[in-house]
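Coordinate-derived values only; no laboratory data. Keep in mind it's a predicted model, so treat the numbers as computed, not measured. Counting neighbours? That spans all protein chains shown, and the Cβs are built from the backbone with ideal geometry, glycine included.
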Amino acid sequence: MPADSAARATAREMIALLTGPAGFTEHRPPARTLPADGPLGWAGYDAARERAALRTGEEESVVYGAGVVGDRACVLLSFEFGFLGGSLGQLTGDRLEAAYALALARRLPLVSLVATGGSRMQEGMVALTQLQRVAAASTRLREAGLPQLAVVRDPTTGGGWATVGAGSDVVLALPGAQVGFAGSRVRPADAEPYAYSAEGQWAAGQVDAVVPAHELAATAAHWLRALGPHEAPAAAPLPRALSAARLPETGREAVEQARSPGRPRAEAYLADYFAVRLPLNGDRCGGRDPGLLCGFGLREDGRPVAYAAQCGTPARPAGYRTAARTIRLADRLGVPVLTLVDTPGAANDAEAERAGAGAAIADVFAAIAAARVPVTTLVIGEGGSGGALALAAPDNTHVTADSYFSVIAPESAAAILKRPPSETGATADQLRLRPQDLLELGIARSVVG
């Protein structure tokens, strides 16, 4: 798989790709002198560093400083793979820690352009402990409500992937890049290469998007506008209803309208609502659910809103975990949340149970309950039991005319009550699941459209 032309660019070329004429101001940490041949006294290490410096023009494997991407100020750090494979040593740790500190001091987002083979062998455990420094610095940014965006290049492996890369809030990857904890020389001989590629990591839900180099600057600028940080957000505006359905007269009619194949689905609502959509992909546990769309978006006026939208299918554990991840990130960054409810219920097959369906649903309930930013919900189709309620905002749920919300599907309710199928309609009426019933019961605040 050929790597994108920018995947092996130099550290400064990558920075210039994002900042363009807006420019970049380099920073350096206070100088530190290592012992001869480093902390381990590794014979030839000083000579190797000197050759790397002559070859690349850099003093270390990371360059960092302040710049502007699009119209957003940020701190950028970029790895120079030509300097000892972009490896992390003690002086690299100084620069990484200083980059995070600069972002914290200026309250700016951090953009990391990663290309690294991992920790530097010539510094042994001293090099490996730099990962702890990075983790601590990253945690300080997270606690301050500042976003971290990573672009992983070819290659991004080892501790650099496990901290600066995968530890960021949003992870973009260049096409064809080698991405994974295990580098090519240490993974099993029979390992499938696709699993260690940008595309394979996207398929496994570990990377949010694979972005060609020519789209990278615009994509990063959109993400920086969406992630902020922001202060005191207002609630997300309600989407407009996209169908002209009338209020149903019976419970059976409500269910039929919500299940209609021609009813507008989440994709249509999101396309109508956002000028720009920026998907978050996967639960970071190896799972994806195409039936639950999550991410951030920009409205026509540039206002950011995070979203979690069900697509009418039984929602799977990976989808719920991705939704919880999205809601918590939005809450930390001060971005309002919109959820679209449309599922017959949570997936209830054996695979879903093994994947932790109950815990995943509980996690979404907890994320919404704990959110300090406003959460707005629109039920656009089926509202099936707890699998739908998990995404619903207490006291701020609205419904469309072609939707329903029920403790259980009427067919299942009739079966549990040992009623014949002919009584399903009457059971649906008893459940009071129509939009107007939900309004009267205080479950919904309004019927949209």
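Taking springs between alpha-carbon atoms closer than 10 angstrom, which of 434, 246, 284 fluctuates most in the Gaussian network model of the chain?
Maximum fluctuation in the GNM of the chain, among the listed residues, is at 246.
What residues have an amide H closer than 5 Å to that of residue 69, excluding those fewer than 5 places away on the same chain, when H is modeled at 1.01 Å from N in the peptide plane?
For residue 69, the qualifying residues are 74.
On a C-alpha basis, how far is the centre of segment 378-441 from the centre of segment 66-113 in Å? Whole number, if you could?
Using only Cα atoms, the two centres lie 51 Å from each other.
If you fit an axis through the alpha-carbon atoms of helix 213-227 and take the longest principal axis of the Cα set of the chain, what angle between them do you get, 0 to 90°, nearest 10?
60
Need one number: % antiparallel among DSSP beta bridges in the chain, to the nearest 5.
40
With the dipole of the chain worked out from charges on the C-beta (+1 for Lys and Arg, -1 for Asp and Glu) around the Cα centre, which of 347, 275, 306 lies farthest toward the positive end?
Projecting each Cα onto the dipole axis, the largest value belongs to 306.
Can you tell me the length gained on complete extension of the stretch residue 267 to residue 189, counting 0.36 nm per residue apart and subtracting the Cα distance?
The span from residue 267 to residue 189 would gain 23.9 nm if fully extended.
Return the percentage of antiparallel bridges among DSSP beta bridges fully within segment 272-414, rounded to the nearest 5 %.
The antiparallel fraction comes to roughly 40 percent.
Would you calculate a helix-derived [θ] at 222 nm for the chain, using -39,500 (n - 2.57) for each DSSP H run of n ≥ 4 and dividing by the full residue count, to the nearest 500?
-10000 deg cm²/dmol
Below 8 Å between Cα atoms, with a sequence gap of 6+, how large is the relative contact order for segment 11-227 in percent?
17
Which cross-chain or sequence-distant (5 or more) residues have an amide H under 5 Å from the amide H of residue 280, H modelled 1.01 Å from N in plane?
Amide H neighbours of residue 280, under 5 Å, 5+ apart: 294, 295, 296.
How much length, in nm to one decimal, is gained on full extension between residue 256 and residue 53, taken as 0.36 nm per residue of separation minus their Cα-Cα distance?
That pair, residue 256 and residue 53, stretches by 66.1 nm at full extension.
How large is the charge dipole for the chain, taken about the Cα centre, if only the Cβ atoms of Lys, Arg (+1) and Asp, Glu (-1) carry charge, to the nearest 20 debye?
Charge dipole of the chain: 560 debye, to the nearest 20.
Looking at 198, 211, 188, which one has the Cα that reaches farthest to the positive end of the dipole of segment 173-263 (charges on Cβ: Lys, Arg +1; Asp, Glu -1)?
211
Report the antiparallel proportion of the DSSP beta bridges in segment 68-186 as a percent, rounded to a multiple of 5.
Approximately 10 percent, going by the DSSP bridge assignments.
Within the chain, what's the longest stretch lacking GluC sites (Glu not before Pro) that sit in DSSP loops with no more than 12 other Cβ atoms inside 10 Å?
Formally, the longest exposed-site-free interval is 1-230.
Just to confirm my numbers, what's the Cα centroid distance between segment 143-197 and segment 203-257 in Å?
Their Cα centres are 26 Å away from one another.
Using alpha-carbon pairs under 8 Å, 6+ residues apart, how would you state the relative contact order of segment 251-448 in percent?
20
Would you kindly derive the ³J(HN,Hα) couplings of segment 253-270 from the backbone phi angles with the Karplus curve 6.51 cos²θ - 1.76 cosθ + 1.60 (θ = phi - 60°), listing them in order in whole Hz, with x for Gly and Pro?
5, 4, 5, 5, 5, 5, 8, 4, x, x, 5, x, 10, 4, 4, 5, 5, 5
Picking from 105, 189, 362, which is most flexible by a Gaussian network model of the chain using Cα springs under 10 Å?
Among 105, 189, 362, the largest GNM mean-square fluctuation belongs to 189.
What ranking do 15, 443 get, fewest neighbouring Cβ atoms within 10 angstrom at the top?
Exposure proxy ranking, most exposed first: 443, 15.
Net charge around residue 39, counting only other residues with Cβ within less than 14 Å of its Cβ (Lys, Arg = +1; Asp, Glu = -1)?
Net charge around residue 39: -1.
For the chain, take the longest principal axis of its alpha carbons; what is the angle in degrees between that and the long axis of helix 130-143, to the nearest 10 within 0 to 90?
Taking the Cα atoms of the chain, the angle to 130-143 is about 40 degrees.
Distance in nm between label sites at residue 36 and residue 372, each 7 Å beyond Cα in the beta-carbon direction?
Output for this residue pair reads 5.4 nm.
Taking R0 as 60 Å, what FRET efficiency do you get between residue 182 and residue 71 from their Cβ-Cβ distance, rounded to the nearest 0.05?
0.95
For residue 423 and residue 244, calculate 0.36 nm times their separation in residues minus their Cα-Cα distance, and state this gained length in nm to one decimal.
Gain in length upon complete extension: 61.6 nm.
Kindly identify segment 11-227 as rounded, prolate or oblate by the Cα gyration tensor criterion: order the square roots of the eigenvalues as a ≥ b ≥ c, call it rounded if a/c is under 1.5, otherwise compare a/b with b/c, prolate if a/b is larger, else oblate.
Oblate, since a/c reaches 1.5 and b/c is not below a/b.
Would you work out the relative contact order for segment 289-363, in percent, from Cα pairs under 8 angstrom that are 6 or more residues apart?
34
What's the magnitude of the charge dipole for segment 251-448 around its Cα centre, counting Lys and Arg as +1 and Asp and Glu as -1 at the beta-carbon? Answer in Debye, nearest 20.
520
Between segment 304-334 and segment 268-282, how far is it from one alpha carbon centroid to the other, in angstrom?
For segment 304-334 versus segment 268-282, the Cα centre distance is 12 Å.
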